[in-house]
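One structure is given below, encoded as structure tokens.
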Amino acid sequence: MSEDKSVISSINVTSTDIKCPGCGTSIGISFDPATGTITCPFCGLSTQLPTPQEGAVAAELDFNTALQRASVDWGKYKKLIICANCGGQSVYDAEQVTGACPFCGSTSVAPAAETDQIMVPNAVIPFSITKEQTQDLFLNFVKRKKLVNKKVFDCKLEKVVGIYLPFWTFDAVTASTYYGEHIENSRGKPVTGKWYQNFDDILIFATNRLKHPYIAKVLDYDYKKAVPYSPEYLAGIPTERYTIGLDEGWDRSKTLIAKKLKKDIHRYFDRLLVEKIYSNYYNVRFRCLMAPMYLASFTVGKKTYPVAINGQTGKTYCDVPTYIKLLIILGIVALFAAAALDVLIMVLVHLNMG
């Protein structure tokens, strides 16, 4: 078998390793989101990786030939780590040592069997937010909230982990037949019709093991900045393994498409309620996409709050303790006090009159 080899910005990428073009080492090479470079810890050489503006655009693959295109060659030997506590499965560089799960912090992690094959993604959105920037992003988010508990402003983010999360993205052309009712004067008239619509980058989160409440709140990725997969982007950064396969991802995508079709038809035709819709899909294309995310937490008193920060755009979301509950309690107390005062006044008036 011929060696799978390509040249990216003077870095030789083979099917087994990433090597520094300066000193030749393959240990500890890491991706720097601040500069878009990989850096060697030994000789200090930094090498720029390609960007979409330079023509490195991640292609979408034809859905019907996906099985023939499947690959498990990550371009650098990887190991799969499974957490005994939360079940999370993370992909690490083989020489990277990790003592904790990036999701729950548990140290009960163990490598999976070496026979496990992990399909390689075909697109990556690189980190552009650094770990050092996450604290400022967190505080800026908190400052936009109202009635925030003042203790939050003194909080430091804890257990900040940068990780690549797996997604499927789907494009499709739909030709649909819909059935519904046109409401006129409180009466429904049965109608049927045809509808054609294109869909681009329907996003499906490709793991069901990671149960984080706020990831869905910060998925504002710029897909135009996705680049073809190259192992340099994942150097030194854990990667969550997808657990939702391509077929299941497509089924979930079709569910989202059907909801969007009903909503768009309803908006286009006044007083039309779509009851059923049947669609054919053409030119279905997909990407197996790795996208950057920071997961962290902060503590106020005895309670810990999870935080999600988009590693590309910096969008941040978390639950912030506020004084709203206290104000509600004080308001209820004030109402009871006012009611009690009214009763007391009525009793005093009645006594005076007697």
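The values are calculated or read from the model by the stated rules, or taken from the named source; none is laboratory data. Note that this is a predicted model, so its numbers are computed, not measured. Using ideal geometry, Cβ is built from the backbone for each residue, glycine included, and neighbour counts are taken over all protein chains shown.
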With criteria (1) under 29 Å from the mean Cα position of the chain (by Cα); (2) under 30 Å from HIS266 (Cα atoms), GLY193 comes up short on (1)
Return yes when ASP116 is assigned to a loop (DSSP other than H, G, I, E, B) and either on the phi < 0 side of the Ramachandran plot or at pLDDT 65 or above (or both) and no when it is not. yes
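Residues to consider are TYR214, TYR242; find the one that is farther than 30 Å from TYR178 by Cα and crowded, with 17+ Cβ neighbours inside 10 Å. Talk me through it step by step, then tell me what you get.
Numbers: TYR214 fails: crowded, with 17+ Cβ neighbours inside 10 Å.
Going through TYR214, TYR242 in turn, just one is farther than 30 Å from TYR178 by Cα and crowded, with 17+ Cβ neighbours inside 10 Å: TYR242.
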ILE125 passes all but one of the listed conditions (1) under 24 Å from LYS315 (Cβ atoms); (2) free of Cβ contacts under 8 Å to residues at least 60 places away in the same chain; the exception is number (2)
With the first residue restricted to region 195-206 and required to be under 17 Å from GLU60 (Cα atoms), and the second required to be of a type in the set (S, T, N, Q), Cβ contacts under 7 Å at 6 or more apart or on different chains are PHE199/THR174; ASP201/THR169; ILE202/THR169; ILE202/SER253; LEU203/THR169; ILE204/SER253
Counting only residues that are hydroxyl-bearing (Ser, Thr, Tyr), at pLDDT 90 or above and outside any helix (DSSP H, G or I), region 184-243 contains a total of 4
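Applying the selection to region 258-287, what residues are part of a helix (DSSP H, G or I) and either over 16 Å from LYS194 (Cβ atoms) or modelled with pLDDT of 90 or more (or both)? Steps first, please.
Keep residues of region 258-287 that are part of a helix (DSSP H, G or I), which gives 258-268.
Of everything in region 258-287, those that are part of a helix (DSSP H, G or I) and either over 16 Å from LYS194 (Cβ atoms) or modelled with pLDDT of 90 or more (or both) turn out to be ALA258, LYS259, LYS260, LEU261, LYS262, LYS263, ASP264, ILE265, ARG267.
Among LYS131, LYS146, LYS159, LYS211, which is in the same structural domain as GLY311 (by TED's automatic domain parsing) and more than 26 Å from ARG241 (Cβ to Cβ)?
Only one candidate passes the filter, namely LYS146.
When you scan region 168-176, do you find a residue that is touching a Gly at 6+ places or on another chain (Cβ under 8 Å) and either surrounded by fewer than 17 Cβ atoms within 10 Å (Cβ to Cβ) or not in a strand (DSSP E or B) (or both), even just one? Explain how you work it out, then say what you get.
Residues of region 168-176 touching a Gly at 6+ places or on another chain (Cβ under 8 Å): 168, 170.
Add one more test, that the residue is either surrounded by fewer than 17 Cβ atoms within 10 Å (Cβ to Cβ) or not in a strand (DSSP E or B) (or both), and what stays is none.
No, because not a single residue in region 168-176 is touching a Gly at 6+ places or on another chain (Cβ under 8 Å) and either surrounded by fewer than 17 Cβ atoms within 10 Å (Cβ to Cβ) or not in a strand (DSSP E or B) (or both).
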